[in-house]
Amino acid sequence: MPSQVFNRHYWSARELVVLGVFSAAAKLSTLLVALVGGGMNPVSLLAKNLIFTTLLVVMLYKVRKPGTLALFVLVNMLISMLLLGGSVTLLPAMLLAAGCAEACSGGMRKPWAPVLGVAVYDLTSKVFSLGVSWLFMRESPALLYVIVPIVVIGYVGSLCGLFSGVRAVRELRHAGIVRN
């Protein structure tokens, strides 16, 4: 009996596989959109963030446990660093944003908690990323004027991804893939 209580707080193997598959799918699909879109133009920025946010909403509805978003960020950054040569400098900002999102969503208990968590995560991660950029570009802050519109366009794509994520979850519930 005590082992059942102990194991209830951890992720099952199925949930960890879902988390890894969604993390890899999000990273791969956003990379493909950026490559097919011809680089970081406004349309590919919107599409990239829309797809990432949609997949994140679906994943959080599929795996509704506290800490899922933080684990997703760790896996996503690990994939980014190992396969794409991404920088580790954004990891603290992303983990802090995941912590803020987990705190605002209340442990994913409410029906709307994953959407709120993803919305808070997207907003705070973009703000914290701008903070990290400001920290590295203190000598020439005028470069931030170039970065801010790119981040705003990306956030508009994330907002659109929230709506498409909710619609995707509704369809996946109808198909029996997402429960709750």
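The values are calculated or read from the model by the stated rules, or taken from the named source; none is laboratory data. Every value quoted in this text rests on a predicted model; they were computed, and no experiment measured them. Cβ placement follows ideal geometry from the backbone for every residue including glycine, while neighbour counts extend to all protein chains displayed. These accessible areas exclude ligands, DNA and RNA; they are computed on the full protein's heavy atoms, side chains included. Shrake-Rupley method; radii C 1.70, N 1.55, O 1.52, S 1.80 Å.
Do the conditions hold for MET59, that is, is it open to solvent by less than 50 Å² (accessible area, probe 1.4 Å), in contact (Cβ under 8 Å) with a residue 40 or more places away in the chain, among the hydrophobic types (A, V, I, L, M, F, W, C) and part of a loop (DSSP other than H, G, I, E, B)?
It is false that MET59 is open to solvent by less than 50 Å² (accessible area, probe 1.4 Å), in contact (Cβ under 8 Å) with a residue 40 or more places away in the chain, among the hydrophobic types (A, V, I, L, M, F, W, C) and part of a loop (DSSP other than H, G, I, E, B).
Quick check on my filter: what residues within region 128-172 are in contact (Cβ under 8 Å) with a residue 12 or more places away in the chain and open to solvent by 80 Å² or more (accessible area, probe 1.4 Å)?
Within region 128-172, PHE136, ILE150 meet the criteria.
Between a first residue in region 63-81 that is in contact (Cβ under 8 Å) with a residue 24 or more places away in the chain and a second residue that is part of a helix (DSSP H, G or I) and acidic (Asp, Glu), which pairs have beta carbons less than 9 Å apart while being 6 or more apart in sequence or on different chains?
VAL63/GLU15; LYS65/GLU15; PRO66/GLU102; GLY67/GLU102; THR68/GLU15; THR68/GLU102; LEU69/GLU102; ALA70/GLU102
Take the conditions surrounded by 17 or more Cβ atoms within 10 Å (Cβ to Cβ) and either in contact with a strand residue (DSSP E or B) (Cβ under 7 Å, 6 or more places away or on another chain) or without any contact (Cβ under 8 Å) to a residue 60 or more places away in the chain (or both) and apply them to VAL115. Does it pass?
For VAL115, the condition - surrounded by 17 or more Cβ atoms within 10 Å (Cβ to Cβ) and either in contact with a strand residue (DSSP E or B) (Cβ under 7 Å, 6 or more places away or on another chain) or without any contact (Cβ under 8 Å) to a residue 60 or more places away in the chain (or both) - is met.
Any residue in region 17-30 that's part of a helix (DSSP H, G or I): show its pairings with residues that are open to solvent by 30 Å² or more (accessible area, probe 1.4 Å) and of a type outside the set (A, V, I, L, M) at Cβ separation under 6 Å, as long as the two are six or more apart or on different chains.
That search, which allows pairs on different chains as well, returns VAL18/LYS62; ALA26/PHE52; THR30/LYS48; THR30/PHE52.
Could you pull out every one of the helices (runs of 4 or more DSSP H) wholly within region 81-180 that has 2 or more residues that are farther than 17 Å from THR68 by Cα?
In region 81-180, 113-136, 144-175 are the helices (runs of 4 or more DSSP H) which contain 2 or more residues that are farther than 17 Å from THR68 by Cα.
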